[in-house]
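Before any comments, here is the structure.
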Amino acid sequence: MLRERIAVARDAIYMNTGWAGPSPSGVLDRVHQALTREAGLGPASPDGIAFHRALLREAREAAARLLRAGVDDVFLTHGTTEGVNIVLHGLDWRPGDELVTCDLEHPALADAAALLAERRGVVVRTASMPPDATPRHAVDAVRQALTPRTRVVALSHVQYSSGLRLPAREIADTTHAAGALVLYDGAQTGGHLALDMAAIGADAYAVSGQKWLLGPTGTGALFMNPRIRSAVRPLLDRAAEGDHAYTLASHGAPLLAGFAEAIRIHEALGPAAVEARALLLGARLKGLLGAIPGARLTGPVDAAASCGLVTIAIDGWPPPAAVDRLWRSHRIAARAVRNPDAVRFSTAPFNTEAECEAVAAAVRELATTAP
Ligand SMILES: Cc1ncc(COP(=O)(O)O)c(C=O)c1O
């Protein structure tokens, strides 16, 4: 059982996997083993170098399986922010070229877009996206922002602030019909939703290792199909060819091992089963929280737009105060989000229905008291 291998699950209700997930013992063991082995071999002895190369290969192959993509189209990164920036800053923008994003975005994309506007004269069109949009509204919002000058549409597949799951395939189709490329920030989807790059139709897709995959912080991967790759130049001016052309900094052996192991565990659980469980728990929690007087769900109600991120505003409670109280009084780990202001819970596969009920009871208590 996954849950039994997660230390924090023994004495807390951990519902902040969307920020960083707690690694199961198998990941911790592999990190430790790799660190020990590397030190024993000598990190840059011929054997140590071979060990490191083998881990690079293993991690890259694991990431390709996670994304259901060809290994040549997948590059290791240190996280999602790095992945989206490799793409956005690596493109050869001309002043007046347009980038479409939306007004709910995490700083990973929003800041990159702002920098492109400032430094490269890119026109950023920010689609107005309701935090609880239906899939149809989401596609319409993107379509309205497209123009003949749009080069790239860059969006989070799942929005971090409300748990809105965008219809990735439909948005990709709409974008391609307009002659542009689509980049997804998959920080909230890797290890959460079952991913398949061809089915999604993404040109580029970035994921993190430390969130739903329950891997180490400082790991991640970036998918780029040949079409976008031909336009994305490596940021550090290395030769554009080669397995590590887009690498910005070294990948440590322990983190590579932990990342590969996290993906292996995810595969053993089954990506479809993981997704189904996260969605089931998310729906359960939404149902419980949505029935609490004085509390209001801020994310989507439509099942097709929902996932394992659940957000709620509680009357009279600034989200940071609620998060603090939930931890101090109930040992429930959640996070505060803005735009719209809310408390966010992540329902990961190691969470349980009983934990959802305990969270609902705690929120009910908060809703009847003042901070
Ligand atoms: C939508 C989104 N993008 C990017 C990030 C940042 O991910 P990373 O720390 O892997 O760069 C997060 C994490 O908080 C996120 O939720």
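The values are calculated or read from the model by the stated rules, or taken from the named source; none is laboratory data. Treat the numbers as computed from the prediction; the structure is a model and nothing was measured. Note that we place each Cβ from the backbone using ideal geometry, even for glycine, and neighbour counts take in every protein chain shown.
The figures follow:
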{"item": "First in segment 69-97 and under 13 Å from Val152 (Cβ atoms), second anywhere and within 13 Å of the ligand (Cβ to nearest atom) and charged (D, E, K, R), Cβ under 8 Å, 6 or more apart", "result": "Val84/Asp185"}
{"item": "Set Ala7, Ala117: member being farther than 30 Å from Ala178 by Cβ and without any contact (Cβ under 8 Å) to a residue 40 or more places away in the chain", "result": "Ala7"}
{"item": "Residue ID - nearest to the ligand (Cβ to nearest atom), chosen from residues in segment 201-238 that are small (Gly, Ala, Ser) and under 17 Å from Thr77 (Cα atoms)", "result": "Ser208"}
{"item": "Hey, Ala198 assigned by TED's automatic domain parsing to the domain that holds Arg65, out of contact with any Gly (no Cβ under 8 Å at 6 or more places or on another chain) and within 16 Å of the ligand (Cβ to nearest atom) or not", "result": "no"}
{"item": "Verdict on Tyr246 being among the hydroxyl-bearing types (Ser, Thr, Tyr), touching a helix residue (DSSP H, G or I) at 6+ places or on another chain (Cβ under 6 Å) and not in a helix (DSSP H, G or I)", "result": "yes"}
{"item": "Complete set of residues in segment 159-211 that are basic (Lys, Arg) and under 14 Å from Thr17 (Cα atoms)", "result": "Lys211"}
{"item": "Filter pass, Ala108 being in the same structural domain as Ser161 (by TED's automatic domain parsing), in a helix (DSSP H, G or I) and within 16 Å of the ligand (Cβ to nearest atom)", "result": "yes"}
{"item": "Residue match in segment 148-159 (condition: assigned by TED's automatic domain parsing to the domain that holds Ile86, touching a residue at least 60 places away in the same chain (Cβ under 8 Å), within 25 Å of Leu66 (Cα to Cα) and among the hydroxyl-bearing types (Ser, Thr, Tyr))", "result": "no"}
{"item": "Of all residues making up segment 60-100, the number that are surrounded by fewer than 21 Cβ atoms within 10 Å (Cβ to Cβ), hydrophobic (A, V, I, L, M, F, W, C) and within 14 Å of the ligand (Cβ to nearest atom)", "result": "0"}
{"item": "Residues satisfying the stated conditions in segment 10-39, i.e. of a type in the set (Ser, Thr, Tyr) and either touching a residue at least 40 places away in the same chain (Cβ under 8 Å) or in the same structural domain as Thr189 (by TED's automatic domain parsing) (or both)", "result": "Tyr14, Thr17, Ser23, Thr36"}
{"item": "Residues being under 23 Å from Glu58 (Cβ atoms), in contact (Cβ under 8 Å) with a residue 12 or more places away in the chain and surrounded by fewer than 17 Cβ atoms within 10 Å (Cβ to Cβ) - total across segment 265-280", "result": "2"}
{"item": "Some residue of segment 32-49 being within 16 Å of the ligand (Cβ to nearest atom), at negative phi and not aromatic (Phe, Trp, Tyr)", "result": "no"}
{"item": "Residues satisfying the stated conditions in segment 166-195, i.e. closer than 22 Å to Tyr14 by Cα and near the ligand (Cβ under 10 Å from one of its atoms)", "result": "Gly186, Ala187, Gln188, Thr189, Gly190"}
{"item": "Residue in segment 309-331 that is in contact with a helix residue (DSSP H, G or I) (Cβ under 7 Å, 6 or more places away or on another chain), within 30 Å of Ile171 (Cα to Cα) and surrounded by fewer than 17 Cβ atoms within 10 Å (Cβ to Cβ) present", "result": "no"}
